[in-house]
Amino acid sequence: MKKFRFLGWAILGIMSLFLISCSSVSPTAMGSGKAFNDDGSANVVLIYYGDQNIYMTRPDISQDGFMPLLSQKQVVQRVHGMKTGRDLAVVVVGPIYDSRELLPPLVKQWQTALQPEGFKRVIFLRASRQKGIDGLPILFDSAIAGLDVTPGKASIAAAAFAPAP
């Protein structure tokens, strides 16, 4: 009888852990609480996995139905040669970069790369499993940050970074 009672509690414990692990938090509950809802205005959309692993999803640069994997240098070269608007660049990053240690250097790196190309605004979003960028949590917005877009004078206000969850 004690064996069955122990087995019942063990199964109940495992099921509880499973249910807790499947729960999720809405994007607005994480980060700054602000969700991006301006997909139509984005001139360039980059999915950033690392300095040598970047997909450019807008404008469409797919070749034979496949998106090429680019380095940051290659992204800048492609953007330089494109006749696309320069109002808004969106960089989508994974949750690993959503920290006060990793996000600021990454923002500065991309701002330094995109500034000479004439981009007025750069927004960083936290990736999720959803399709598209509308509704993704905003991690950094250069318009809010008071970013000086004069070439060679990039300054980032720390208040623009969302607190780490």
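Couple of notes before you dig in:
- Selection from region 56-99 of residues that are without any contact (Cβ under 8 Å) to a residue 40 or more places away in the chain, part of a strand (DSSP E or B) and either surrounded by fewer than 12 Cβ atoms within 10 Å (Cβ to Cβ) or within 15 Å of the chain's Cα centre (by Cα) (or both): Met56, Thr57, Arg58, Gln63, Phe66
- Here region 24-53 is the region considered, the condition is being modelled with pLDDT under 50 and surrounded by 14 or more Cβ atoms within 10 Å (Cβ to Cβ), and the residue that is farthest from Tyr97 (Cα to Cα) is Pro27.
- Residue match in region 128-145 (condition: open to solvent by less than 40 Å² (accessible area, probe 1.4 Å), part of a loop (DSSP other than H, G, I, E, B), hydrophobic (A, V, I, L, M, F, W, C) and modelled with pLDDT of 90 or more): yes
- When we screen Leu114, Leu125 for residues that are assigned to a helix (DSSP H, G or I) and either open to solvent by less than 10 Å² (accessible area, probe 1.4 Å) or touching a Phe, Trp or Tyr at 6+ places or on another chain (Cβ under 6 Å) (or both), the only hit is Leu114.
The values are calculated or read from the model by the stated rules, or taken from the named source; none is laboratory data. This one's a predicted model, so the numbers in the text were calculated from it and none came from an experiment. With ideal geometry, Cβ positions are generated from the backbone for all residues, glycine too; neighbour counts draw on all protein chains shown. SASA here: full protein model, heavy atoms, side chains in, ligands and nucleic acids out. Shrake-Rupley method; radii C 1.70, N 1.55, O 1.52, S 1.80 Å.
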